[in-house]
Every structure is written in C-alpha cells, then in structure tokens.
1. What does the charge add up to near Tyr134, with Lys and Arg as +1, Asp and Glu as -1, over the other residues with Cβ less than 14 Å from its Cβ?
2. Stretch Ala445-Lys35 to full length: gain in nm at 0.36 nm per residue minus the Cα-Cα span?
3. Sorting check: for 199-208, 117-126, which peptide has the highest mean count of neighbouring beta carbons within 10 Å, and how do the rest follow?
4. Note down the net charge around Asp146, summing +1 for each Lys or Arg and -1 for each Asp or Glu among other residues with Cβ under 13 Å from its Cβ.
5. Once phi is turned into ³J(HN,Hα) by the Karplus curve 6.51 cos²θ - 1.76 cosθ + 1.60 with θ = phi - 60°, what whole-Hz value does each residue of the range 49-66 show in order, with x for glycine and proline?
6. Compute the signed sum of charges (Lys and Arg +1, Asp and Glu -1) over the other residues within less than 10 Å, Cβ to Cβ, of Met457.
7. Give the long-range amide H neighbours of Asn128: residues separated by 5 or more places, or on another chain, with amide H under 5 Å away, using H modelled in the peptide plane at 1.01 Å from N.
8. Return the long-range amide H neighbours of Val282 (sequence gap of 5 or more, or a different chain), with a cut-off of under 5 Å between placed amide H atoms.
Amino acid sequence: MTEMIISSGRAGIKSPSYAAFLERKAQVTTFDGFKPLWLPPVLMDFQADLVEWAIKIGRGAIFADCGLGKTVMELVWSENVVRHTGRPVLNLAPMAVAQQTAREAAKFGIDIHLALDGTVKPGINVVNYERLHYFDPNDFAGAVCDESSILKSFDGTRKQEITDFMRKMRYRLLGTATAAPNEYPELGTSSEALGYLGYMDMLTRFFKNMQGNSIKPNVFRHGGKNFHQLDDNAKWRFKGHAEVPFWRWLCSWSRACRKPSDLGFDDGPFILPPLVENQHLVDTRTMPKDMLFALPAVGLAEQREERRRTIEERCERAAELVNHTGQPAIVWCFLNEEGDRLEKLIPDSIQISGKDGEDEKEEKFLAFIDGKARVMVTKGRIGAWGLNFQHCSHVVSFPTHSFEEYYQEVRRCWRFGQSRQVVSDIVVTEGERSVLANLQRKSEAADKMFTALVAHMNEAQAIDRSVTFSASTQLPSWL
C-alpha cells in the first residue's frame, strides 16, 4: 500500500505512521521477495503469472487444482530462489512423489537432486516428508511443501516438525488443490506454516466458535514445548465484521484457481473429459446381529462393524469391476484385510500397504506408472496425494467419511492431461448408505466452498488493485 499522509486539521502536522498502523490492523502482508530472474518458456501464461507473484511475495501459497502444473511452478520458484540467494532449496513431497518430481524436472530441463539419503547438494533438493528429520533448516534458503494439505492429515508432532523446519526461512511456498476441503478454518494450517497468523490466532481474529464452549484445544509436546491442536468437531462461522477482512487477508498471501480462466486467462487445453460416477449396491450374505434384513448403519460403531462383516462381498464386487477389462485400474481400500483380499482376487494387481518400506512403496508406485502392474491396490492415505496416473481412467473405491481423500483418489486419474473419460465406481452395501450420503453432502459443500474461495479472492484482489492512495491524499480531520 502506498503511504498515506494524514492531516491533523489543527496544527497541520502530517503523520505517515498512520498508514502503517492501518496496514498492521488489516493483517495484509507485504511483498518480501524479489523480481523473477528466470521464467522459462515452458510455463503457460497463467503459470508464469502465479510463479511471478509467488517469487515477489516470498512466502505464499498456490491453491491450484490437480493437473494445473503445480510441480513445474514449484520447481521454477525454487530455481529462482537458488539463483537469487546462491543457496540450496528443499522441496518436500508425499511418498513416491519425489521420484515423480525428478522425472518432471528432467522433462522441463531443470536440475534437481534427490536427497533421499540426507545429503544436500547445491541447487534444488527434493525429498519426501518422511525423511525431513535428516535435514537441518539452516542449510537452505527456502522450502516448498507440495500437496501441503496433507499437513492436516499428519499428527500434531509431525505437523509441528514441518512448521518448525520452515519457521526461520525467508522464502516458502505451499502448493495444494485442497486447501480447505471441509471448512475455511483449515486454511489456518497454511497460514501458520508460512509464518503469518497462527492457526488459533486466525480463528480468534476472524471466526466465532458455534459450540458455545469456548476454544478448548488439545495439547501435545514437541521439542520441549506445548502446542495446541483444535478439536475437528468444532463449528465456526465468521464474526459479523470479519468476512471481508478475512478474504482480503487470505488473498494477500495466496492464490486459488480451478482453471486458468479463474485468473483471467484462456482455459485452452485445461478442459477435463467427462467423469462418470457409478454406485454398486452389494447384497450381503450375513445380516447385522439380531436383524432379519439390512438397514443403514447408525453411528461409527455400526459402520465399522458393517465394513468388517462385508469385506468378502465388497471385495468380490470390486474385483469383478476391474478383472478382464485389460485396462489399468486403481482399487482404493481402507482396511488391511480389504487390501489382502483384493490382491488375491485380482491376479495382475500389485498391493502397496503400510507394512511396505519407503523404498518398496516407491518401487511399486513406479511399477504401476510404467505399466508393469495393470491394477494397483492401496489405501488413500498412502497413495492419493500428488501422484500422476493419467494412464489410468478407472478407479474403484469403498465409501468413507473423508471427502478430501475421495477427491484426491479420483483426481489421481481425472486431472488435466487425461484424454479419456474417467469412471469412478463406488462399491457400497445397504448398511453403508449413510456413509455414502455424508460423502455426497461433503462433496457438494466442498464444491461450493472452493467456488466461493476463488470468487471472493478474485473480488478482493480487484478491490485492492482499484483502491490506491497517493502520497498527497488528505483525509478529514475527524478521521
């Protein structure tokens, strides 16, 4: 914001500090980066615009949908920081995505180092989140968190470890397609990682707790300190005066888009093929205890019992959907028993499970990507973030209450770069109808929320661009 000069109206004394006071109260960040040193022609117009903004702001977040090229944008941002500072940059990614990033970097002619053993080399170093403890933040000028929404999925200690690692770095970048899949307050995780308002500070400044029981965070220990983690069941709404300031604050350190036209550019090739979602109701061979016929399960306990009791029937139906098609497919499971049974029922499948070591998981992901295995069986929390599976256009899943996980599962295939219609088959029993209904409700709510996020951010940006103050602006004496 250009400095305002205020007249006292009495003695004519001008106070340039009042503009700084207003800026602090508005919680709007200022640019703390530098002018781009290198924007390769491989970047599309909207990508170049986002990268240039991220470099200039220094610490920012790009909330761009799946397939819009966050990887290349993060790599170009990192290369600019390396050239500007002469020091290394660390790019953090989910499991197996580090290897994928290396492939993408080679495609775009960007040199990187896969720092899987903890060694740091000049330039861009890429590693998965699970290996962060090998590194010292003092060795880097900046850091990138790819698929940064998984910070919400980590336990409090791991999330705090990542936040602490980035805390003193001048240059930071977050990238994700699901910045706040359930509620706006989830954006506080991103704000805190970038060094702006902390999660709880953001909540108390802009939101009101609708539970009527005040804020009661869970406390955990990390590094000899106490940290707070809020109850996920708490309900929040904007304070009466806070909605417009919230959006203005948010768009000061982040950008969001689902397609290039959200930023004023032509969509061009970024138009997705159709997505077909099918529901397959499975007849169960056993009934719930003391029941003559199947009814929707009520409560988590009944839903868990339903899931375990019907493993055989559900896995058989999922296998029928992918066997003998001759086409690549992904079957997303939730329980270990489901994964083991699916692996046996689908002869040409490969299962990636929690018992696999990190290197083994990465080898199996690459085997599926390279076509050495036709069908991949795994859990969403293992493989649903960051990986590109555009060679596959068929996903099968069992419903859970996590919309974000389902969204990411489908988006591994249904993403920009996919040339075929994508089919999502959901296998469900009568008892799981309430789970499916909840998932659909969250899907509709998330769609409306991201649409609102883009609209509000673009509106706030337009207001900020149109409202400028010159150094000679004189305000009334009463103000």
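Bear in mind these aren't lab numbers, they're just calculated from the coordinates by the rules spelled out. What you see is a predicted model, and the numbers here were worked out from it, not measured in a lab. Please note: Cβ atoms are built from the backbone with ideal geometry, for glycine as well, and neighbour counts cover all protein chains shown.
1. Numbers: positive: Lys121, Arg131; negative: Asp117, Glu130, Asp136, Asp139, Glu161, Glu358.
Residues near Tyr134 contribute -4 overall.
2. Details: separation 410, 0.36 × 410 = 147.60 nm, distance 3.82 nm.
Gain in length upon complete extension: 143.8 nm.
3. On the way: 199-208: 18.7, 117-126: 16.3.
In decreasing order of mean packing, 199-208, 117-126 become 199-208, 117-126.
4. Details: positive: Lys70, Arg172; negative: Glu74, Glu104, Glu147.
Computed value for this residue: -1.
5. These are the phi-based 3J(HN,Hα) values: 5, 5, 5, 4, 4, 5, 5, 5, 7, x, 10, x, 10, 10, 9, 10, 5, 4 Hz.
6. On the way: positive: Arg248, Arg255; negative: Asp262, Glu459.
Residues close to Met457 contribute a combined charge of 0.
7. Hits under the 5 Å cutoff: Ala93.
8. Val428, Thr429, Glu430
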